[in-house]
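Taking it in order: structure first as structure tokens, then the write-up.
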Amino acid sequence: MHNKTLTELSKGLRSGEFSSVELTHHFLNRIDQLDGVYNSFITVTAEQALAQAAAADQQLAKGNTPVLCGVPMAHKDIFCTEGVRTSCGSRMLDTFVPPYNATVVENFAAAGAVVLGKTNMDEFAMGSSNETSYYGPVKNPWQTQCVPGGSSGGSAAAIAARLTPAATATDTGGSIRQPAALCGITGLKPTYGRVSRWGMIAFASSLDQGGPMARNAEDVAVLLNTMASFDDKDSTCLERPVPDYTATLNAKLDGLTIGVPEQYFGDGLNPAVEQAVQDALREYENLGATIKDISLPHSNLSVPAYYVIAPAEASANLSRFDGVRYGHRCDNPQDLEDLYKRSRAEGFGDEVKRRILVGAYCLSAGYYDAYYKKALQVRRLIQQDFVAAFKQVDIIMGPTCPNPAFEFGSKGSDPVAMYLEDIYTIATNLAGLPGMSIPCGLVDDKPVGLQLIGNYFDEARMLNIAHRFQQQTDWHQLAPPSITNVSLQDESIAHANGESA
Amino acid sequence: MSWETVIGLEIHVQLATKTKIFSGASTAFGAAPNTQACAIDLAMPGTLPVLNKKAVDMAILFGLAIDAEINLVSAFDRKNYFYPDLPKGYQTTQLDKPIVGPGTVEITLADGSHKNIRIHHAHLEEDAGKSLHEDFDGMSGIDLNRAGTPLIEIVTEPDISNAEEALAFAKKLHGLVTSIGICDGKMSQGSLRFDVNVSVRRPDEPLGTRTETKNLNSFRFMEKAIAKEVARQIDVLEDGGTIRQETRLYDGDTDSARSMRSKEEANDYRYFPCPDLLPVVIEQNHIEALRASLPELPEARKKRYMADYSLSDYDAGILSDDASMAHYFEASAEVADDAKLAANWIMGELSAQLNSSETDINDSPVSAEQLGGLIVRIKDGSISNKMARTVFEALWNNPADKSSADDIIEQLGLKQVSDSGAIETLVDEVIANSAQQVANYAKADASKRPKMLGYFVGQIMKASKGQANPQQVNEVLLKKLDALI
């Protein structure tokens, strides 16, 4: 069952091939037995999932249910879940149980989806390797000595390892697309404002955007149908109808113009990754598309601009974690300053502290103009590059990341080397554009991703373009060798109840 | 050589919205701690602000009331600092693009002269919660009910020259914001709070170093704090010292002030645009609709009182400046059907009682209807002015008692006897019992007689237990005595 896609599982539930309770048991059992290696879940909500599955089965028996009814999935542990610990990968929120649901969580609950648990992530979504999580790193199911990417590494690894058919994720500078590429799955970061940020713990508010991850574009389209909504609780959410993203999946690509930015193929790009991307572009030519060289002249400024703007916003967003109202509080504070200093020193990890310091510095008197204000000007230039490009082309393509998954610890001592992993994904967030990663090859037996960047609110077209590729190729169907070689114990063994790490 | 004082004010005005500026929690005053703070006010993770349109409209109304420019695009910024009653660790405020641009407020001074005080700008922001340092045995309590209450902060140019002008400005502003209904004006509940920036200099010299005294929540405290700070600065300078730029705290209870922090210790607030809120874009026709809805301003009200009620400039000014005072006056004048008498009573007996008991007119134990009813009985001669004061005192001292003036008159048996038959009987009795005095009266020279009436009147009033209408007594007595001569 676990090798089926979300769309296939939904059909199986409706045809009576299996029940949601059976399906949920199956995935819970896999998590129980395999996730000790991958560490992709922080919290598994077995009891709640089975109750949701039983309710879904009743709904399914009546018929006329939403596509996602009874389908298991997982939420990145950045989305607040009422009554279920929401840690954001941090010691700071290790005991935090929200009294409310994120809008995204509500949307999936209303559709009848079954939530298996909360997935691991870089602390406060700050990282590209999942090494900054308080709950330990996630292992890439393709090669467990390698990182799964970040910050949504738990969601990506869980899907790759067939521990869940789908998961939510968030992307501030590449946190959906990079782990999707490194784990060989499909992930979409929608246009800024397409998915509500209510209840999604903020890293950098002007860049954060939630999006779906699954095994292929068709499943991502199904998920986005439910995930996207206008939400009056989020002032930056756009009031705009949500189309049926599955309706146009099979549209022909004749006449499509694909822009290929020269800046995404320069120094630092692994030649084998480049070859995989070029092969994918040839495939698109076969499908009727035209390739056009374009230039995004300010691309080289996106990483520095991002690493001013994102930390600046984060430095304020994370001020609320002060040990006063919720979250980690140090023992026996001597006075107010001691309470603040020790609670935050103990609650936050190194990368989070580094970014708070950088952000506070960039905003401080005497430095604001040179850093923050300058970065905002650069951001505008980067956005204008894209606006100009989309006057010539329908979609932009390139590599998602310069390299396949790297080994643990290989970049740990050099934060800048780590930041450069996001060199192709960051500009999209700065411009607020939708971006996507789909599997397009293997390098050193590890998956690599093709990145699709669309125009504002052009998700339906992007999903169509991705889907057509996946009908011609089977990169997205490859499973990590490690998961095909394990034998599971009898599924009838009662699942460990409650939470496991 | 003399000193010149330069004062600028920053005024925090709590807007009278039902809910908070960025959440749906209630803004009502006085609830149990932390019962009016929702997840947004508590800055729970993942929560987001949504701007209250009503607060924006109220800020615009203020701008229109002072003839200010309304900025069609304004924006919110984050002001970063750590404090337990600031849940997000930043205050959402407007730094670079305030909603209200420059405007003017005209004040009237005691000598009748006028002066314009320029407003630099007014911006929208959220209030913080309260830290409670007592009752927690070495710890502090936090009450977040106030957190997120909408404020406009009004910043003046340094156009104010002394405490008197500052006070006149503060009262004028109080009247304005209450008249247009954007603030309840309750100073004791912190609805208006003043920060005063004070410096002194020799005439024609550049501006001196200023200090800021924060959070003054009564007119009297503001006046005293300014006087104290001006005197302190002059003392320091005349002793050859220098003024340190600092923030000061004034304690009204002890009439003392102390330094809170110097410029060097000041926070770097690291302002930057709030990414959770879009810029506020206002359509010109929305402004025009608000302008059309603007209620009568104190200035217009004053002119109306002078024209319609023939009140003096001074009386009209006092009654029209403050919205609550004006409402009280108009309500009591309507019941009494006599604006002049209502004005006299409000500025006399009522104001004296309110001032001596430090009571806001909104909390007056005597309602406008009660006072109006009392005036009706003065006018129709039912009671004397002296009796009226007794009735007023009774009304004042029994605020819970909803009795009308008539009820009190009845209870105290104060009703003036104006029944002519009853008065004639009283007069006849007294004349009959005063044969000697009548004889003396008859013999006396006509010019001496008026003085002799006092005896008879006294006897009659005594017999009536003070309730006979003195004017009627005089008339009847005169008629009867003359008939005897």
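Applying the set (1) touching a residue at least 24 places away in the same chain (Cβ under 8 Å); (2) farther than 23 Å from A:Met1 by Cβ to A:Trp142 leaves exactly one unmet item: (2). Within the stretch B:176-195, at least one residue is part of a loop (DSSP other than H, G, I, E, B), over 27 Å from B:Leu42 (Cα atoms) and more than 13 Å from the chain's Cα centre (by Cα).
Taken together, the criteria place B:Ala422 among residues that are small (Gly, Ala, Ser) and either part of a helix (DSSP H, G or I) or under 30 Å from B:Asp313 (Cα atoms) (or both). Inclusion of A:Gly441 among residues that are in a strand (DSSP E or B) and at positive phi is warranted. Pairs meeting the criteria (first residue in the stretch A:25-43 and polar (S, T, N, Q), second residue part of a helix (DSSP H, G or I), beta carbons under 7 Å, at least 6 apart or on different chains) are A:Ser40/A:Gly154; A:Ser40/A:Ala157; A:Ser40/A:Ala158. Would you check if there is a residue in the stretch A:23-42 being in contact with a helix residue (DSSP H, G or I) (Cβ under 7 Å, 6 or more places away or on another chain), buried (at least 18 other Cβ atoms within 10 Å of the Cβ), small (Gly, Ala, Ser) and farther than 22 Å from A:Pro480 by Cα? Scanning the stretch A:23-42, I find no residue that is in contact with a helix residue (DSSP H, G or I) (Cβ under 7 Å, 6 or more places away or on another chain), buried (at least 18 other Cβ atoms within 10 Å of the Cβ), small (Gly, Ala, Ser) and farther than 22 Å from A:Pro480 by Cα, so the answer is no.
Quick one: would you say B:Ser188 is modelled with pLDDT under 95 and within 14 Å of chain A (Cβ to nearest Cβ)? For B:Ser188, the condition - modelled with pLDDT under 95 and within 14 Å of chain A (Cβ to nearest Cβ) - is not met.
Any residue at all in the stretch A:307-321 that is more than 14 Å from chain B (Cβ to nearest Cβ) and within 30 Å of A:Arg355 (Cβ to Cβ)? Yes - at least one qualifying residue is present in the stretch A:307-321. Restricting A:Ala276, A:Ala221, A:Ala247 to residues that are of a type in the set (A, V, I, L, M) and surrounded by fewer than 17 Cβ atoms within 10 Å (Cβ to Cβ) narrows the list to A:Ala247.
Residue-wise test of (1) at pLDDT 90 or above; (2) outside the structural domain of B:Ala331 (by TED's automatic domain parsing); (3) in a loop (DSSP other than H, G, I, E, B); (4) not charged (D, E, K, R).
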position	(1), (2), (3), (4)
B:Val366	yes, no, yes, yes
B:Glu369	yes, no, no, no
B:Arg377	no, no, no, no
B:Gly381	no, no, yes, yes
B:Lys386	no, no, no, no
B:Val391	no, no, no, yes
B:Pro399	no, no, yes, yes
B:Asp407	no, no, no, no
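Taking the conditions (1) over 20 Å from A:Gly210 (Cα atoms); (2) more than 14 Å from chain B (Cβ to nearest Cβ); (3) part of a helix (DSSP H, G or I) in turn, A:Met92 satisfies each one other than (2).
Entry remark, the stretch A:355-383: residues being under 26 Å from the mean Cα position of the chain (by Cα) and either without any contact (Cβ under 8 Å) to a residue 60 or more places away in the chain or within 14 Å of another protein chain (Cβ to nearest Cβ) (or both) number 9 in total. Here A:Asp231, A:Asp244 are screened, and the one residue that is in a loop (DSSP other than H, G, I, E, B), within 14 Å of chain B (Cβ to nearest Cβ) and either acidic (Asp, Glu) or in contact with a strand residue (DSSP E or B) (Cβ under 7 Å, 6 or more places away or on another chain) (or both) is A:Asp231. Only residues that are over 26 Å from the mean Cα position of the chain (by Cα) and more than 17 Å from A:Asp474 (Cβ to Cβ) were counted across the stretch A:267-294, and they come to 9.
Going residue by residue through the stretch B:216-234, is there one that turns out to be in a strand (DSSP E or B), crowded, with 16+ Cβ neighbours inside 10 Å and touching a helix residue (DSSP H, G or I) at 6+ places or on another chain (Cβ under 7 Å)? Checking the stretch B:216-234: at least one residue is in a strand (DSSP E or B), crowded, with 16+ Cβ neighbours inside 10 Å and touching a helix residue (DSSP H, G or I) at 6+ places or on another chain (Cβ under 7 Å).
From the list B:Ala16, B:Ala39, B:Ala28, B:Ala65, exactly one residue is over 28 Å from B:Pro275 (Cβ atoms) and either modelled with pLDDT under 95 or surrounded by fewer than 18 Cβ atoms within 10 Å (Cβ to Cβ) (or both). Which is it? Selected residue: B:Ala28, the only one of B:Ala16, B:Ala39, B:Ala28, B:Ala65 that is over 28 Å from B:Pro275 (Cβ atoms) and either modelled with pLDDT under 95 or surrounded by fewer than 18 Cβ atoms within 10 Å (Cβ to Cβ) (or both). Within the option set B:Gly112, B:Gly148, being outside any strand (DSSP E or B), at pLDDT below 95 and in the same structural domain as B:Asp77 (by TED's automatic domain parsing) holds for one residue only, B:Gly112. I'd like to check something: does the stretch A:327-338 contain any residue that is more than 10 Å from chain B (Cβ to nearest Cβ), hydrophobic (A, V, I, L, M, F, W, C) and over 30 Å from A:Gln263 (Cβ atoms)? The answer is yes; a qualifying residue exists. Answer with yes or no whether B:Arg201 is closer than 17 Å to B:Arg248 by Cα, in the same structural domain as B:Ile66 (by TED's automatic domain parsing), modelled with pLDDT of 95 or more and surrounded by fewer than 17 Cβ atoms within 10 Å (Cβ to Cβ). No: the conditions fail for B:Arg201. Restricting attention to the stretch A:358-384, the residues that are surrounded by fewer than 20 Cβ atoms within 10 Å (Cβ to Cβ) and under 30 Å from A:Ile291 (Cβ atoms) total 5. Among the residues of the stretch A:394-424, what is the count of those that are among the polar types (S, T, N, Q) and either within 24 Å of A:Leu256 (Cα to Cα) or crowded, with 19+ Cβ neighbours inside 10 Å (or both)? Total satisfying the criteria: 2.
Against the test of being facing chain A (nearest Cβ under 10 Å) and of a type in the set (A, V, I, L, M), the options B:Leu51, B:Leu72 yield a single qualifying residue, B:Leu51.
Taken over the stretch A:163-201, the residue count meeting the criterion of being farther than 19 Å from A:Tyr419 by Cβ and either of a type in the set (D, E, K, R) or more than 10 Å from the chain's Cα centre (by Cα) (or both) is 19.
The values are calculated or read from the model by the stated rules, or taken from the named source; none is laboratory data. Quick caveat, the model's predicted, so the values are computed rather than measured. With ideal geometry, Cβ positions are generated from the backbone for all residues, glycine too; neighbour counts draw on all protein chains shown.
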